1. Starting from region A:72-91, keep only residues that are over 13 Å from A:Pro166 (Cβ atoms) and assigned to a loop (DSSP other than H, G, I, E, B), then list their pairs with residues that are open to solvent by 20 Å² or more (accessible area, probe 1.4 Å) and of a type in the set (S, T, N, Q) whose Cβ atoms are within a distance under 7 Å, requiring at least 6 positions of separation or different chains.
2. Please find, within region B:96-119, the residue that is surrounded by the fewest Cβ atoms within 10 Å (Cβ to Cβ) out of those that are of a type in the set (S, T, N, Q) and assigned to a loop (DSSP other than H, G, I, E, B).
3. What number of residues within region A:94-134 are in contact with an Asp or Glu (Cβ under 8 Å, 6 or more places away or on another chain), surrounded by fewer than 21 Cβ atoms within 10 Å (Cβ to Cβ) and more than 19 Å from A:His178 (Cα to Cα)?
4. Does any residue of region B:45-52 turn out to be within 20 Å of B:Asn87 (Cα to Cα), within 13 Å of the chain's Cα centre (by Cα), within 14 Å of another protein chain (Cβ to nearest Cβ) and crowded, with 22+ Cβ neighbours inside 10 Å?
5. Could you tell me whether any residue of region A:207-214 is open to solvent by 50 Å² or more (accessible area, probe 1.4 Å), within 30 Å of B:Phe119 (Cβ to Cβ) and more than 14 Å from every other protein chain (Cβ to nearest Cβ)?
6. Would you mind stating whether B:Ser72 is away from chain A (no Cβ under 14 Å) and surrounded by 15 or more Cβ atoms within 10 Å (Cβ to Cβ)?
7. Search region A:120-140 for residues that are more than 16 Å from A:Leu150 (Cα to Cα) and pair each with any residue that is of a type in the set (Gly, Ala, Ser) when their beta-carbon atoms are under 8 Å apart and the residues are at least 6 apart or on different chains.
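The values are calculated or read from the model by the stated rules, or taken from the named source; none is laboratory data. Worth saying up front: this structure is predicted, and the values here are computed from it rather than measured. Positions of Cβ are backbone-derived with ideal geometry, glycine not excepted, and every protein chain shown enters the neighbour counts. Calculation scope for accessible area: heavy atoms of the full protein, side chains included, ligands and nucleic acids excluded. Shrake-Rupley method; radii C 1.70, N 1.55, O 1.52, S 1.80 Å.
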Amino acid sequence: MSKYLSISVIFLLMAVISPAIQWVAAENTQSAPDISAVWMAFASNPPGRLGAEQSRLSPAGEALVARFEETYGREHPDPGAFCVPQGMPSVMLALVTYPIEIIQHPKRVTMLAEMEMQVRRIYLDGRDHPGDYPNTRVGHSIGHWEGDMLIIDTTLLTGWETRNWPHTENARIQERIHLTTRDKMKVQPSPFITQKPLDDQVMVVELILTDPEIYVEPVTITMYYQKISDDNILEYDCPVGLLLDALEEHRQ
Amino acid sequence: MFKNLSCSVILCGLLLSPAVFAHHSAALYDFQKVASVEGVIKEVKVNNPHLHLVLEVTDEKGTRDITYEGHSRNNLYRRGWRPDKLNVGDKIKISYATTRDGSDGGYVASIVSKDGTEF
């Protein structure tokens, strides 16, 4: 009898809690700002060349990178030259060069990065990270709105043993995203931006990479994005060049 | 216009960007040292991740074909390149980051096409 009672209580709790979670999620999105747009990063903190953060590596991190470079050389082949996506966090750190289109939905934010056509799916429906999901370059992302702030947690990343932004499979990335206006920015825009912004709105992405195995402390980078015209984002048909080269090698 | 070039803001807009360094060896090219040259296009592939360009160049060393690489197709598009802008046989001007070892070639920073469009 008590067994059936316990099962009944569990089902009752599920019936009550599940809609409650969905209601909370829906309530949170009602006040959420609209971040759907094509965005181009035009400023960063720290400014300049992102990725030169090796000094924050722990001795184990330094050893990891050194081992890779001793094995493959300091000027080893780069993934970008072979159209291999670098994933997180690099996909969010393309200063000036490659835009990201964001499509916002109450239960999902989808980020379409032009560079290597990487896609980030950020689930806002209350789910947790799965326990049986493979590690990928962009990882698995869940998020929620806290007022005007979108909080994203990303894990299940593929390890990366060399510059830029080495990380282990246990790395975790938190992003805090909110909108502001250009006059409230406290950092200088990159002088290299050429696209004109569509308006004064600025999307601020504070990214915190936590990977205690190889960094002495969490690494924080803040990116500032401006809206650009949606005809500025293209297909990034990178691998076709590799295929054409391969076809040439097979020319009869 | 193409004489006494320095790494100006417009010229180096993408040269110094992290994505360029993500794809290219800083050891191969000197991104602080920009030169310019005129030449006739022998080969051109405006592809991702890189522009592939072969120019017939004549200078004090004589006439020869020199291979350059450059920005991605997508970034060139945003800077004003269009599919009809670069064709074999066109005489164009380029500015480029030179190789560190002084050999021929370089990383193209900007192009003035046959019709005068700069990208």
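1. Close Cβ pairs (under 7 Å, with a partner that is open to solvent by 20 Å² or more (accessible area, probe 1.4 Å) and of a type in the set (S, T, N, Q)) amount to A:Glu75/B:Ser25.
2. Taking the candidates together, the pick is B:Ser103.
3. Matching residues across region A:94-134 total 2.
4. yes
5. No - not one qualifying residue is present in region A:207-214.
6. Judged against the criteria, B:Ser72 is not a match.
7. From region A:120-140, the pairs are A:Asn135/A:Gly159; A:Thr136/A:Gly87; A:Arg137/A:Gly87; A:Val138/A:Gly87; A:Gly139/A:Gly87.
Yes/no matrix, rows are residues, columns are (1) basic (Lys, Arg); (2) touching a Pro at 6+ places or on another chain (Cβ under 6 Å); (3) more than 27 Å from A:Ile142 (Cα to Cα):
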| position | (1), (2), (3) |
| --- | --- |
| A:Glu70 | no, no, yes |
| A:Arg74 | yes, no, yes |
| A:Ser90 | no, no, no |
| A:Thr97 | no, no, no |
| A:Ile100 | no, no, no |
| A:Lys107 | yes, no, no |
| A:Thr110 | no, no, no |
| A:Glu114 | no, yes, no |
